[in-house]
Every structure is written in C-alpha cells, then in structure tokens.
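Student: Can you read through this structure? Questions will come right after.
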Amino acid sequence: MTTASTPTWPGSFGAEPRRKRRALSRELIVETALTIVDTEGLDALNMRRVAQELGTGAASLYAHVANKDELLALLLDRVYGDLDHPEPDPDRWREQAKEYLKQQRDNLVSHGDLARAAMIQNIPTSPGALDAAETMLALLRAGGLPEQVCAYAVDVIGLYVVATALEESSRKGPGGEPDERQAEAYIGGVRSFFASLPPERYPLIVGMAGALTRNVGDERFDFGLDLLFDGLVAQAGRTFD
C-alpha cells in the first residue's frame, strides 16, 4: 500500500491574500499626511512618518514631494481647495464675505492644528489659496471698495482668520472635536484668575473679568469681522500716493 504524500498548494494558492498596495502618487501622499495631522497633530508629521504609513521608504516620497515644506503647502492647498466659492452679490457682499471667512476658519480647525502651518507660511501661492484670494477680492470689490484697500484687506483679514483658527484648534487635542465643557472650564479658570488679581493694580481687568472672558458662539469672531469691515468701508475714500 502506497502512503499518500502530503498535498501542497500550487504557488501561493491557499495563502493569506495580500492587501493590494495603492500606487504611490502626490495625491495619496497628501491624503495620508492630512490623516496624520487630523489624528496625531502637526508635530507628528514628517516624511518618514508618511512613508511608514504607506509601507514604503521615505526616499520614494521625494519623487512626488520635494520636502516637508512642500508637503505642508500641499496640505494647505487641499484645505483651501475644499472651500465653496460664492458668486459675489453687491447687495449681500458683506454677509457673503463673513460666511466665506467662517468657512475658511472652520476648514482649518477641522484639521487639528494645521492652522500653525498656515500662520508661518509666507504669501500663499498655491492654486487653492489663489482661488480663495480671488473670491475674497471679488467680494470686496463687489462692495465698492477700491483696489488698494482690497489688496491690504485680503492680507489683514487672512491673518485674523488664521489666528482665530489657531487659537480654536489649540483648545482641542489631535483628532478631537471641540469640547464645550472643557473650553468653558478653561475660560472659567481665566475668569476666576482675572477676578482674583489685586484690584488696586488692575482695577479694570478685575472689574471687567466677565466681559473679558465672555464666550458665546461666534459672537467674538463676528465682532472682529464687523470691526474689520467697518474699518474697510471707512477707508473706501482713502487715496494712496
């Protein structure tokens, strides 16, 4: 009687199926990097970390992205590219501009502390950023503001939006949603601190502790935008030599 030999599977048949690796591309690198920022924060992002997530070596990324600075620029371009651009209406230009700027702030805040990268970036020249600037300029021009006022306004307003996004993102952990209870606890602590200061040295801060720490939805952000737009309208007749 012949003893049957142990059967063997031909080739890799019967083996654990391999997960098909997606072809490396700039878009995939940006998508992966954005996920890292969303879940772990900006400090966790580097070329090696992205390569690790993609199951490849860092050197392979450089065929698509020159360095981390370019990667950050691409991430910001992706965020600006997600904006909805309104068609300027001269009768509603101010309302449209405020909604558009809130959208910019919210998009930045939704990606962890990416606003830090936006704050240190010089004049943004990526397609998404240029599209955002073009839309903002169109809204300001629809309001009858002169060119130079609009040009300065885009820069100043952009700084205000990014700074606000940076402040808001600092109050939540990487990958986390804003915690209203935690935010109120923090503000409450600051309010108590202000109220406990020596009144003979800081009479106004002590007396205005409540007003200085008021935190009601978008009230403070709207106040800043109205302050800026009121100033821009007041500058409409200004000439620049």
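Since every read-out is calculated from the coordinates, none of them should be taken as a lab result. Fair warning: this is a prediction, and the values are worked out from it, not measured in the lab. When we count neighbours, we look across all protein chains shown, and the Cβ atoms used for this are built from the backbone with ideal geometry, even at glycine.
Student: Given Cα pairs under 8 Å that are at least 6 residues apart, what percent is the relative contact order of the range 26-77?
Tutor: Reported as a whole number, the value is 36 percent.
Student: Based on the alpha-carbon gyration tensor of the range 21-102 and its eigenvalue square roots a ≥ b ≥ c, which shape applies: rounded if a/c is under 1.5, prolate if not and a/b is larger than b/c, or oblate?
Tutor: It comes out prolate by the Cα gyration axes.
Student: Also: Hydropathy at least 0.0 by Kyte-Doolittle, axial extent at least 27 angstrom from the Cα trace: which helices of the chain, defined as entire DSSP H runs, fit?
Tutor: For the chain, where a helix must reach 27 Å along its axis and average at least 0.0, the hits are 147-169.
Student: Pairs of Cα atoms under 8 Å, at least six residues apart: use those to get the relative contact order of the chain, whole percent.
Tutor: 19 percent
Student: Take Arg238, Arg26, Arg191 and order them by how many other Cβ atoms sit within 10 Å, fewest up front.
Tutor: Details: Arg238 9, Arg26 14, Arg191 18.
The most exposed by this proxy come first: Arg238, Arg26, Arg191.
Student: To the nearest whole percent, what portion of all C-alpha pairs in the chain is separated by more than 29 angstrom? Walk me through the numbers before you get to the answer.
Tutor: Values: 14057 of 28920 pairs.
For the chain, the fraction of Cα-Cα distances above 29 Å is 49 percent.
Student: Still on this structure: Under 10 Å, Cα contacts only: if you run a Gaussian network model on the chain, which one of Ala129, Ala118, Ala209 comes out with the highest mean-square fluctuation?
Tutor: Ala209
Student: When the Karplus curve 6.51 cos²θ - 1.76 cosθ + 1.60 is applied with θ = phi - 60°, which whole-Hz ³J(HN,Hα) does each residue of the range 200-208 get, with x for Gly and Pro?
Tutor: 6, 9, 10, x, 6, 5, 4, x, 10
Student: Turning to a different aspect of this structure: Pick from Pro127, Pro198, Pro86 the residue whose mean-square fluctuation is largest in a GNM of the chain, springs joining Cα atoms under 10 Å.
Tutor: Pro198
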